[in-house]
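Remarks on the structure that follows.
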Amino acid sequence: MPVSISREGVVAIVTVDNPPVNALAQPVRQALWDTVEALDADASVHSVVLICAGRTFIAGADVSEFGRPPMPPHLPDLVSRIEAATKPWIAAIHGSALGGGFEIALGCRFRVALASASIGLPEVTLGIVPGAGGTVRTPRLAGVEAAIDLVTTGKPIRAPRAKALGLVDAIYEEDLLAAAISFAENVVTRQWPASARERLLTPQPTSFWEENERAVAKRSRGEDAPLRALACIRQATESDFSSALAFEREIFLTLRGSAQATALRHVFFAERAASRPAELKGVEPRPIRQVGVIGGGTMGAGIAATLRDAGLPVVLIERDEAALQRGLANLRGIFEAAAKRGRIAADDVNERMAGVTGSTDETYLSHADMVIEAVFEDLAVKKSVFARLGEVCRPDAILATNTSYLDPQLIAAELVGPERFIGLHFFSPAQIMKLLEIVPTADTAPQAVATGFALARMLGKIPVRAGICDGFIGNRLLKTTRMQAERVLLSGGSPSQVDAAMRAFGMSMGPFEAQDLAGLDIAAFQRKAARGRGEAPFAPVAERLCALGRFGQKAGGGWYDYGTGSRQPQPSNVVADHIAAAAAEAGLAPRSWSNADIVDAIVLPMVNEGAKILEDRVALRPADIDLVEIHGYGFPRWRGGLMHWAEARGLPDVVGMLDRLAELKLAEPVCELLRCSTVTGRLPTSYLRRSS
Ligand code: 3H9
């Protein structure tokens, strides 16, 4: 039974037990409804404690039900039924009370919580608004501004903050059940603050709402739900309780089936499926208690920082004392910047650094459970690093490379014990970016793969398994993005037009401003290596800019000009001249570009490349490509990622447009797998190729 009742004198204890997170599936709602009815009818019960079994309070509505028609009892009715109970209900919160779970708690007459608990209304992150009174009861208890913050950002808050806002009545450090029973026993002697339903809200001036609308629209960049949530809170201040509930419900039901909500649910489940891959079920990861990092440059220091953020002791190895001191300074700089931004406390900087042992002597790695190499992208250098690691590390230590372009199979070619070797490709800045590509070779043991996934979970990263090819999943797609962006330039577009169009599509940055930020030199180096392999990378304008030393912001100019010390991009006449010269060489006809045309010319070929990645068995499933784009490159989450976006748009339309672009010599021919997928409208799940 998902809901059970026990007794402690006059207090009834209602326990919800619906693993893993006590989501409010229909049987839980029905059982709770029946419980309220039964307890109302039982004269011997004076008060009720609502508590949950397992690791958390109710984490919300059951998201997997959202694709189906709503089934009674509906959640808003259940919340109102609890609110109308003839005895006081006390929600006892541990873990997280989220979405519908928090709305149930708001229907209770009191809320008590463990200090470690958090509460929140994360519905906007699923493309919806709270649908069971969250936007109506929260402002009445916590005030309009706090409600706007909670509901439009979807970010949860800790219990102490919730208490300060009036959303929680009491906080306990431990033994929640005993404390809640005691609260319930003494409830008649307590002062009862007015309930949410009894309180009134003062309407705010129009200017208040206009200002908030502007702020929310700016933050949500194309996402519908946050603005609709704001409209619900406004309605709650301007109409009576029941009308506000009806307004909220209508918006909830409209958004529930929207394309954005469908996309965000897809990402929600894809993220969870990615971190616990079915193919590794039953494979026990190795324990990770201490990690070594080789190289203290931007990547190495970022990796060391993310390991420290997760509480892992780190040994940082550099080739000489000067490089080591630079590496340690890089690492301290990362923590200081985090403290400046309020991400960590000022005192934490020294605590983080105290957990780092710096050395130039690799024998310091003899106790490490895992070593991650982040040295210069040169095969010979990396091979020599792993030869040395083979000598000094424990035979069972996992040895990982952070290479982004080299073939891990070749790096490990001479390693003794290649079954413990794996690619762990972090994205820059590693302490911030959530994506982690996990790249096994043909020899990597399943346990090493499982350990890579376990490490990702410890670090709060989104792991995606990738097969071996040039650039794995992410950088291979990035190559297509950049190639297509240049094709647009060669046929009449400008960098600022392209960047603006891609931002309007929802990308966090346009391709040219992103290159200026990261530096054009890394890609130039990779193109050189590709030419060495007999390939012909396409970047005619970028090559010209690199020849001029225009490597981006750090060089004072790249795709844009920058004033001294400024990060504000200005269109550049020099770049325009070089685009014109490269266009004349390419012989592409100039066209006039709308935002939609630019997006089609860049994103549709990325879809085609994504399909080739599936065809080549480099990605396991289309959803993994979605996660790579969202967490590695700022693809709009509310579009569901690259491949979901293509499926939602319709694969026949995607292929038709790609054929037209190919005719105009603006894209590569459509791959077989994508063309075949138009029949079902769905891209297939593939199998990984494990070596090149
Ligand atoms: C809502 O409530 C709408 C209402 O306003 C109105 C309705 C009318 N449903 O994250 P984890 C599964 S909208 C179904 O790895 P953690 C998840 O898929 C909802 N399933 O655990 C996974 O399954 P599996 C608002 C759910 O300990 C397993 O639970 N609520 C749900 O790292 C473990 O999940 C939210 O958005 C769900 N609601 O974190 C809360 N939630 O093992 C979403 C989880 O098969 N949930 N699952 O892969 C969370 O934020 C985290 O799960 C939580 C635990 C913090 C609770």
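Listed here are the residues, each with its yes/no results for (1) modelled with pLDDT of 95 or more; (2) more than 16 Å from the ligand (Cβ to nearest atom); (3) more than 12 Å from Ile51 (Cα to Cα).
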residue: Ser4; (1), (2), (3): yes, yes, no
residue: Arg7; (1), (2), (3): yes, yes, yes
residue: Ala12; (1), (2), (3): yes, yes, no
residue: Thr15; (1), (2), (3): yes, yes, no
residue: Pro19; (1), (2), (3): yes, no, yes
residue: Ala23; (1), (2), (3): yes, no, yes
residue: Pro27; (1), (2), (3): yes, no, yes
residue: Asp40; (1), (2), (3): yes, yes, yes
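Remark: Val349 falls outside the filter, which requires a residue to be aliphatic (A, V, I, L, M), in a strand (DSSP E or B) and farther than 13 Å from Ile411 by Cα. Please verify whether Arg308 is assigned to a loop (DSSP other than H, G, I, E, B) and either aromatic (Phe, Trp, Tyr) or in contact (Cβ under 8 Å) with a residue 24 or more places away in the chain (or both), treating the condition exactly as stated. The answer is no for Arg308.
Whenever a residue of region 663-675 is buried (at least 16 other Cβ atoms within 10 Å of the Cβ), its partners that are part of a loop (DSSP other than H, G, I, E, B) and not basic (Lys, Arg), lying with C-beta atoms within less than 8 angstrom and at least six residues away or across chains, give the pairs Leu666/Ser491; Leu666/Leu588; Leu673/Leu683; Leu673/Pro684; Leu674/Leu683.
Hey, any hits in region 188-195 for a residue that's within 27 Å of Thr35 (Cα to Cα), among the aliphatic types (A, V, I, L, M) and more than 26 Å from the chain's Cα centre (by Cα)? Yes, that holds for at least one residue. Looking across region 305-327 at every residue that is of a type in the set (Lys, Arg) and more than 21 Å from the chain's Cα centre (by Cα), the one that is least open to solvent (accessible area, probe 1.4 Å) is identified as Arg326. Applying the condition of being in contact with an Asp or Glu (Cβ under 8 Å, 6 or more places away or on another chain) and either within 8 Å of the ligand (Cβ to nearest atom) or not in a helix (DSSP H, G or I) (or both) to region 124-137 and asking which residue is nearest to Ala170 (Cα to Cα) yields Gly134.
A single member of Pro287, Pro277 is surrounded by 15 or more Cβ atoms within 10 Å (Cβ to Cβ) and either within 30 Å of Met643 (Cβ to Cβ) or in contact with a helix residue (DSSP H, G or I) (Cβ under 9 Å, 6 or more places away or on another chain) (or both), and it is Pro277. All of Thr401, Thr357 fail the test of being free of Cβ contacts under 8 Å to residues at least 60 places away in the same chain, within 32 Å of the chain's Cα centre (by Cα) and open to solvent by less than 30 Å² (accessible area, probe 1.4 Å), apart from Thr401. If a residue has to be aliphatic (A, V, I, L, M), open to solvent by 10 Å² or more (accessible area, probe 1.4 Å) and at pLDDT 95 or above to count, how many in region 617-642 make the cut? The number of residues fulfilling the criteria is 2. Within region 150-184, the set of residues being closer than 22 Å to Ala53 by Cβ, without any contact (Cβ under 8 Å) to a residue 40 or more places away in the chain and of a type outside the set (Gly, Ala, Ser) comprises Asp175 only.
Within region 185-201, residues that are under 13 Å from Gly166 (Cα atoms) and small (Gly, Ala, Ser) reach partners that are modelled with pLDDT of 90 or more and not in a loop (DSSP other than H, G, I, E, B) with beta carbons closer than 6 Å, at six or more positions or on different chains, in the pairs Ala196/Arg137; Ala196/Arg140; Ala196/Leu141. Of everything in region 224-255 that is open to solvent by 30 Å² or more (accessible area, probe 1.4 Å) and near the ligand (Cβ under 10 Å from one of its atoms), the residue that is nearest to Gly131 (Cα to Cα) is Arg249. In region 149-168, which residues are in a helix (DSSP H, G or I) and surrounded by 24 or more Cβ atoms within 10 Å (Cβ to Cβ)? Of everything in region 149-168, those that are in a helix (DSSP H, G or I) and surrounded by 24 or more Cβ atoms within 10 Å (Cβ to Cβ) turn out to be Leu150, Val151, Thr152, Ala159, Ala162. Surrounded by fewer than 24 Cβ atoms within 10 Å (Cβ to Cβ), closer than 19 Å to Leu436 by Cβ and in contact with a Phe, Trp or Tyr (Cβ under 9 Å, 6 or more places away or on another chain), is that true of Glu377? Criteria met by Glu377.
Screening Glu513 with (1) touching a helix residue (DSSP H, G or I) at 6+ places or on another chain (Cβ under 7 Å); (2) closer than 20 Å to Ala576 by Cα; (3) open to solvent by 30 Å² or more (accessible area, probe 1.4 Å) gives one miss only, at (3). With respect to the conditions (1) open to solvent by less than 60 Å² (accessible area, probe 1.4 Å); (2) under 25 Å from Val371 (Cα atoms); (3) not charged (D, E, K, R), Gly282 falls short on a single one, namely (1).
Of everything in region 40-81 that is of a type in the set (Val, Ile, Thr) and more than 28 Å from the chain's Cα centre (by Cα), the residue that is farthest from Leu177 (Cα to Cα) is Val79. Here Arg591 passes the criteria (1) open to solvent by 50 Å² or more (accessible area, probe 1.4 Å); (2) closer than 26 Å to Gly634 by Cβ except the one numbered (2).
The values are calculated or read from the model by the stated rules, or taken from the named source; none is laboratory data. Here the structure is a predicted model, which means the values were calculated and not measured. Quick reminder, even Gly has a Cβ in these numbers, built from the backbone with ideal geometry, and neighbours come from all protein chains shown. Accessible surface areas use protein heavy atoms only, side chains included; no ligands, DNA or RNA. Shrake-Rupley method; radii C 1.70, N 1.55, O 1.52, S 1.80 Å.
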